[in-house]
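The values are calculated or read from the model by the stated rules, or taken from the named source; none is laboratory data. Note that the structure is a prediction, hence the values are computed from the model and not measured. Cβ placement follows ideal geometry from the backbone for every residue including glycine, while neighbour counts extend to all protein chains displayed. Calculation scope for accessible area: heavy atoms of the full protein, side chains included, ligands and nucleic acids excluded. Shrake-Rupley method; radii C 1.70, N 1.55, O 1.52, S 1.80 Å.
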Amino acid sequence: MISLTFPDGASRDYPSGTTAAEVAASIAPSLAKNAISASLDGRHIDLAWPIETSGALAINMLKDAAPALELIRHDLAHVMARAVQELWPDVKVTIGPVRDYGWFYDFDRAEPFTPDDLAAIEAKMRQIIAARDPVRTEVWDRARARAHYEAAGEPFKLELLDRIPGDEPIRMYWHGDWQDLCRGPHLQHTGQLPADAFKLTHVAGAYWLGDASRPMLQRIYGVAFRTKDELKAHLTMLEEAAKRDHRKLGREMELFHMQEEAPGMVFWHPNGWAIYRELEAYMRRRQIAYGYKEIKTPQVVDRMLWERSGHWEAYRENMFIVEVDEEGAKEKRINALKPMNCPCHVQVYNHGLKSYRDLPLRLAEFGSCHRYEPSGAMHGLMRVRGFVQDDAHIFCTEDQIEAECAAFLEMLSGVYRDLGFETFDIKLSTRPDVRVGSDAIWDKAEAALAGAIDKAGYPYEVNPGDGAFYGPKLDFKLTDAIGREWQCGTFQADFNLPSRLGAEYIGPDGATHTPVMLHRAILGSFERFLGILIENYAGKLPFWLAPRQVVVASIVSDADAYVEEVTAALRLAGIRAEADTRNEKINYKVREHSLGKVPVILAVGQREVAERTVSMRRLDQQGSRSLALDEVVACLRDEATPPDLRASAAK
RNA sequence: GCCGGUUUAGCUCAGUCCGGUAGAGCAGCUGAUUUGUAAUCAGAAGGUCGGGGGUUCGAAUCCCUCAACCGGCACCA
């Protein structure tokens, strides 16, 4: 006998091997009918599986969102695979996991799927759901399963079978005549699937087992929810996300463009460059405040240095090579556009003998880097071939790592807060199997990073073995306004490069030592971070970052001279202001500048000219406010003050 | 880099299946209008149909090829 405890606290005894379906039936017929699965001690199980241990049992219904969504998405993956094989019997099935808001399933088929195929598959899936085919499961032994898939000619399933660990049961399951290998759990019958709350979204190629050396399969993605309304809400959310796409906003707000002659490189326009400069100026002030010294190093550097640093061997394929066609040169110099700044920073460090008294030495650079990214990787500002990092390298002793890490955490959290990101996640990656440096130094560095985060009071996740070969690292992921995560900040200890490039200092003992180098960035790349900012704010940047802060618009042409005067006064106060004296109605101007995300419109008509006032309208707010010219300049100047300067002025 | 899709006026898109000398809206330009907080009216103009090659009497349309972009996959020091 086993004893099962229910969510209401009651418990009952059942013979060992009783299924959750039988338990449900023993409680109420309606429960048995509407149940979708069960949870035994928090483990999600199938209603049809025999239960052999006592524990806490909950019968899951459609209202239990987490198990319901998992089952719906999971079973829809199978239903889709069945639909595809019923439509095209020669298609081979592979694997189809639940993911994000739905699932995908990879198929091996010579012909790619078309949008029309997706519609046909959806229709077939609805037929299968309408058939209310019961789900049946069996545990098979490995040999039988192998024989089955050999006979069926399903090579991918055979490979999956071989990857199932020896101690795990091989589960087969059916709905209708269609069979698949799957660990489960599953719904009772296909009729429990919501026929109107799923949608096949797109087709894409995907490598078998995620391995670029294996065949490319055809992947079909779907999304699914419990109800039609939830699906609709999801599709609406996607539309909203598309509206804040930085590539679209970049065009609409005239921030930047990219073109065929320079793929992956940004042509910044005046508006976009205004944001960039504001952000750079802000970061420069922060760095100065935290004791960094700014430097600037060359972009074109002889391959010799990259050979010494080790980058040539590892990343040469991804570097832009620069040669000069010198007539008669015996040996051509091969240069590379720098893909990163660290080797150059070590060169700066290496100039002049360093003492332990010089440490920690924090060298910062807004370093312009180029990497030849694979063509398919490029994506607007998010992934580019030419970018600028808010890069810095801290040369220090092992004992200084923790304090440097603590100071960095403080700086990073402050920057993220100022830029509108209140929360971020930290990931600590520790020593990998292949690494440089003694265990003693890894112990010390890992403890220093963990200690600094602990003392600062931040939670973090450890990724064992995920560190770089040269040292442990912290990665910082921020969350944007619509819940997406972006890895931006990084803090990496490096026990390799300083010795490789001959960095040294004289210690208090008079002997020569090798410093530790800390690579760190907060924004990552300016290009990408601006993309994130634009999407986070949907183009409506806070006033201090807004590219066009104020438009002064005339209502009648008699006000033109005064409009120019107001504009000039605002510009004198350091505000990015523009005059709009075009021969258009004020409605037209308000609409156009509102769509252009200008935060403040100052309308000026005869009344304002006479009274020397302006009528101020805020973006997305109805109505306007009349203010005296002096008053509005002072008020907007205050509002345009970057958060760091505001904070220091307040002290 | 791989799979699929896309590329037509500054922008958004129709025309491509079934080859017959390129079309709309908005923007821009010109003129009228002097306007009070999200599109005033009228007129004229604007395109080597992504590049190159081929088939054809004739190609935006069919074929080949290159490129860029979009969605994924792989990659991301």
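Overview of results
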read-out	value
Matching residues in the stretch A:495-527 - criterion: being out of contact with any helix residue (DSSP H, G or I) (no Cβ under 8 Å at 6 or more places or on another chain) and within 19 Å of A:Glu402 (Cα to Cα)	A:Asn496, A:Ala521
Unmet requirement for A:Trp306, which otherwise passes all of (1) of a type outside the set (D, E, K, R); (2) modelled with pLDDT of 95 or more; (3) more than 29 Å from the chain's Cα centre (by Cα); (4) open to solvent by 10 Å² or more (accessible area, probe 1.4 Å)	(4)
Close pairs from the stretch A:202-214: first over 16 Å from A:Pro97 (Cα atoms), partner more than 6 Å from RNA strand B (Cβ to nearest atom) and not in a strand (DSSP E or B), Cβ under 6 Å, at least 6 apart	A:Arg214/A:Trp208
Residue that is nearest to A:Asn271 (Cα to Cα) [pool: residues in the stretch A:568-596 that are assigned to a loop (DSSP other than H, G, I, E, B) and near RNA strand B (Cβ under 9 Å from one of its atoms)]	A:Arg582
Only one of A:Arg646, A:Arg617, A:Arg576 that is within 33 Å of the chain's Cα centre (by Cα) and closer than 22 Å to A:Leu249 by Cβ	A:Arg576
Hey, A:Glu565 more than 9 Å from RNA strand B (Cβ to nearest atom) and more than 43 Å from the chain's Cα centre (by Cα) or not	yes
Among (1) touching a residue at least 12 places away in the same chain (Cβ under 8 Å); (2) in contact with an Asp or Glu (Cβ under 9 Å, 6 or more places away or on another chain), the one test that A:Val322 misses	(2)
Complete set of residues in the stretch A:592-614 that are within 31 Å of the chain's Cα centre (by Cα) and hydroxyl-bearing (Ser, Thr, Tyr)	A:Ser594
Pair list, Cβ < 7 Å and 6+ apart or interchain, from the stretch A:352-363 residues that are closer than 15 Å to A:Glu404 by Cβ to residues that are open to solvent by 40 Å² or more (accessible area, probe 1.4 Å)	A:Tyr356/A:Ile506; A:Tyr356/A:Pro508; A:Leu359/A:Gln400; A:Pro360/A:Gln400; A:Arg362/A:Lys293; A:Leu363/A:Lys293; A:Leu363/A:Val348
Answer from A:Pro515, A:Pro542, A:Pro547 - the residue that is buried (at least 23 other Cβ atoms within 10 Å of the Cβ), away from RNA strand B (no atom under 16 Å from the Cβ) and under 30 Å from A:Glu564 (Cα atoms)	A:Pro547
Sole residue being touching a residue at least 60 places away in the same chain (Cβ under 8 Å) and within 39 Å of the chain's Cα centre (by Cα), chosen from A:Arg571, A:Arg548	A:Arg548
Residue count for the stretch A:42-66, restricted to those that are of a type outside the set (Phe, Trp, Tyr) and open to solvent by less than 70 Å² (accessible area, probe 1.4 Å)	16
Residues satisfying the stated conditions in the stretch A:269-283, i.e. open to solvent by less than 80 Å² (accessible area, probe 1.4 Å) and away from RNA strand B (no atom under 16 Å from the Cβ)	A:Ala274, A:Ile275, A:Tyr276, A:Glu278, A:Leu279, A:Glu280, A:Ala281, A:Tyr282, A:Met283
Residues of the stretch A:228-243 satisfying the condition of being open to solvent by less than 30 Å² (accessible area, probe 1.4 Å) and either touching a Gly at 6+ places or on another chain (Cβ under 6 Å) or more than 15 Å from RNA strand B (Cβ to nearest atom) (or both)	A:Leu231
A:Val301, sole failed condition from (1) outside any helix (DSSP H, G or I); (2) exposed (fewer than 15 other Cβ atoms within 10 Å of the Cβ); (3) in contact (Cβ under 8 Å) with a residue 40 or more places away in the chain	(2)
Criterion (outside any strand (DSSP E or B) and touching a Cys at 6+ places or on another chain (Cβ under 8 Å)) met by exactly one of A:Ile532, A:Ile522	A:Ile532
Candidate set: the stretch A:279-298, residues that are in a helix (DSSP H, G or I) and not hydrophobic (A, V, I, L, M, F, W, C); chosen: the one farthest from the chain's Cα centre (by Cα)	A:Arg285
Hey, A:Val436 in contact (Cβ under 8 Å) with a residue 40 or more places away in the chain, open to solvent by 10 Å² or more (accessible area, probe 1.4 Å) and among the hydrophobic types (A, V, I, L, M, F, W, C) or not	yes
Segments classed as strands (runs of 3 or more DSSP E), wholly inside the stretch A:1-67, with at least 2 members that are within 30 Å of A:Gly102 (Cα to Cα)	A:37-40, A:43-45, A:55-60
Enumeration of residues in the stretch A:367-405 that are hydrophobic (A, V, I, L, M, F, W, C) and open to solvent by 40 Å² or more (accessible area, probe 1.4 Å)	A:Met378, A:Ala403
Qualifying positions in the stretch A:454-512 - basic (Lys, Arg) and closer than 25 Å to A:Glu410 by Cβ	A:Lys455, A:Lys473, A:Lys477
Residue tally, condition under 27 Å from the mean Cα position of the chain (by Cα) and free of Cβ contacts under 8 Å to residues at least 12 places away in the same chain, over the stretch A:52-98	1
Selection status of A:Leu217, open to solvent by less than 20 Å² (accessible area, probe 1.4 Å) and not in a loop (DSSP other than H, G, I, E, B)	yes
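Conditions tested, residue by residue: (1) in a strand (DSSP E or B); (2) open to solvent by 30 Å² or more (accessible area, probe 1.4 Å); (3) farther than 30 Å from A:Met237 by Cα.
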| site | (1), (2), (3) |
| --- | --- |
| A:Leu474 | yes, no, yes |
| A:Ala481 | no, yes, no |
| A:Trp486 | yes, yes, no |
| A:Gly489 | yes, no, no |
| A:Ala503 | no, no, yes |
| A:Asp509 | no, yes, yes |
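Okay, residues lined up against (1) under 38 Å from the mean Cα position of the chain (by Cα); (2) surrounded by 17 or more Cβ atoms within 10 Å (Cβ to Cβ); (3) more than 16 Å from RNA strand B (Cβ to nearest atom); (4) part of a helix (DSSP H, G or I):
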| residue | (1), (2), (3), (4) |
| --- | --- |
| A:Ala110 | yes, no, no, no |
| A:Leu118 | yes, yes, no, yes |
| A:Ala123 | yes, no, yes, yes |
| A:Glu138 | no, no, yes, no |
| A:Ala147 | no, no, yes, yes |
| A:Phe156 | yes, yes, no, yes |
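This table checks each residue for (1) farther than 25 Å from A:Leu118 by Cα; (2) open to solvent by 50 Å² or more (accessible area, probe 1.4 Å); (3) within 9 Å of RNA strand B (Cβ to nearest atom).
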site: A:Arg226; (1), (2), (3): no, yes, no
site: A:Glu254; (1), (2), (3): yes, yes, no
site: A:Glu260; (1), (2), (3): yes, yes, yes
site: A:Phe267; (1), (2), (3): yes, yes, no
